[in-house]
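Throughout, read-outs are computed from the coordinates displayed, never taken from laboratory work. Please read all numbers here as calculations on a predicted model, not as lab measurements. As a convention, Cβ positions derive from the backbone with ideal geometry for all residues, glycine included, and neighbour counts pool all protein chains shown.
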Amino acid sequence: MPGQMLHVGMTCMCPHAGQVQAVASNPRVTLGGQPAVTLSDTFTVSGCPFQIPIGTGTKPQPCVKVQWLVPAMRVKIGGNPVLVTSSTGICQSAEQIPQGSPVISVTQMKVSAQ
């Protein structure tokens, strides 16, 4: 599926409004001066307030990482598929419990991939 390529400066959040930060493993390809991101890069989540009910109280269950599942099919950087705005992923807790899809709200608009 085509879409705008993602870079480390994108604005992306978990479904509970935690901020996703990307760390690019291959900074050689840049988009607007920011390294492009691929399927093999690291995506951490900070500030997720999610909690689950336990008995009469709650237990913190914040999103801590994003596992991307569907990258671009035709464009690769260093042999790894790039991520685009139409890529799908899942936010996970520290216990690797799926918690919903990340929401991409802002990225560069000049380079697209399929």
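Of all residues in the range 1-23, those that are under 11 Å from the mean Cα position of the chain (by Cα), more than 15 Å from PRO71 (Cα to Cα) and part of a loop (DSSP other than H, G, I, E, B) total 3. Of the residues making up the range 61-83, those that are buried (at least 16 other Cβ atoms within 10 Å of the Cβ), under 12 Å from the mean Cα position of the chain (by Cα) and in a strand (DSSP E or B) number 6. Among the numbered conditions (1) assigned to a strand (DSSP E or B); (2) more than 16 Å from GLY100 (Cβ to Cβ), the only one that ASN26 does not meet is (1). Pairs meeting the criteria (first residue in the range 75-88 and over 15 Å from THR107 (Cβ atoms), second residue exposed (fewer than 15 other Cβ atoms within 10 Å of the Cβ) and basic (Lys, Arg), beta carbons under 9 Å, at least 6 apart or on different chains) are ILE77/ARG28; GLY78/ARG28; PRO81/ARG74. The listed residues are SER105, SER86, and the only one of them that is part of a loop (DSSP other than H, G, I, E, B) and surrounded by fewer than 18 Cβ atoms within 10 Å (Cβ to Cβ) turns out to be SER86. Here is the figure for the range 44-60: residues that are in contact (Cβ under 8 Å) with a residue 12 or more places away in the chain and either surrounded by 14 or more Cβ atoms within 10 Å (Cβ to Cβ) or within 13 Å of ILE97 (Cα to Cα) (or both) total 4.
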